[in-house]
1. Could you state how much accessible area Ile14 has, in square angstrom rounded to the nearest 10, with a 1.4 Å probe and all protein chains kept in place?
2. Helix-only estimate, please: 222 nm mean residue ellipticity of the chain, summing -39500 (n - 2.57) across DSSP H runs of length 4 or more and dividing by its residues, to the nearest 500.
3. Please report the carbon-and-sulfur percent of the accessible area for segment 1-48; probe 1.4 Å, protein heavy atoms only, DNA, RNA and ligands left out.
4. With springs only between Cα atoms under 10 Å, which of Leu55, Leu12, Leu36 fluctuates most in a Gaussian network model of the chain?
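The values are calculated or read from the model by the stated rules, or taken from the named source; none is laboratory data. These numbers were taken from a predicted model, which means no experiment stands behind them. Each accessible area value is taken on the protein alone, full model and side chains, heavy atoms only, with ligands, DNA and RNA left out. Shrake-Rupley method; radii C 1.70, N 1.55, O 1.52, S 1.80 Å.
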Amino acid sequence: MFVDHTAWGWKLFIGIISILAGGTILAYPVAAALALPQVLVVGAGLLGIMEGIILLVMAFKGGGWSAGILGA
């Protein structure tokens, strides 16, 4: 934020959120260890859904059958 002044508000916001998240993890390490696998599974699921949608859109725009099969 101090070197590159573009989007400094978002950088400050993410920095504050990161500090709060780190403090919460340090305060409640057992709860963080129990929540981490759930967060990773949800993240992987969302990534798969987004990739499928993108591949299906690519297939309908002329990306070929392989993109459609992978998207489905």
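1. Spelled out: Ile14, probe radius 1.4 Å, area about 100 Å².
2. Value at 222 nm, helices only, nearest 500: -27000 deg cm²/dmol.
3. That fraction is 83 percent.
4. It is Leu12.
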